[in-house]
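The values are calculated or read from the model by the stated rules, or taken from the named source; none is laboratory data. If you're wondering where the values come from, they're calculated on a predicted model, not measured in any experiment. A quick note on method: Cβ atoms are made from the backbone with ideal geometry, for glycine too, and the neighbour counts reach across all protein chains shown.
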Amino acid sequence: MNKEVMKPQALNNLEKDWRGKHEKESCQSIIYGVIIGAIAASINAWKKHSN
């Protein structure tokens with residue numbers, strides 16, 4: 001498994017729920033996706049440094 005690519009399942013579910021409810025607001029969903037991606041990347045980087 002490539003942990004760099006993986007997102008926590010809870011985050012994936014949250015993202016799917018949010019996108020499902022706000023499909024018409026595509027610009028906002030893109031911004032939300034970028035924020036979630038940045039958070040996931042930050043968590044991965046922090047885990048690397050803490051080891």
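Name the single residue that is modelled with the lowest pLDDT among those in region 9-27 being surrounded by 12 or more Cβ atoms within 10 Å (Cβ to Cβ) and out of contact with any Lys or Arg (no Cβ under 9 Å at 6 or more places or on another chain).
By that ranking, first place goes to HIS22.
Taking TRP46 as meeting all but one of (1) at pLDDT 70 or above; (2) within 12 Å of the chain's Cα centre (by Cα), write down the number of the exception.
(2)
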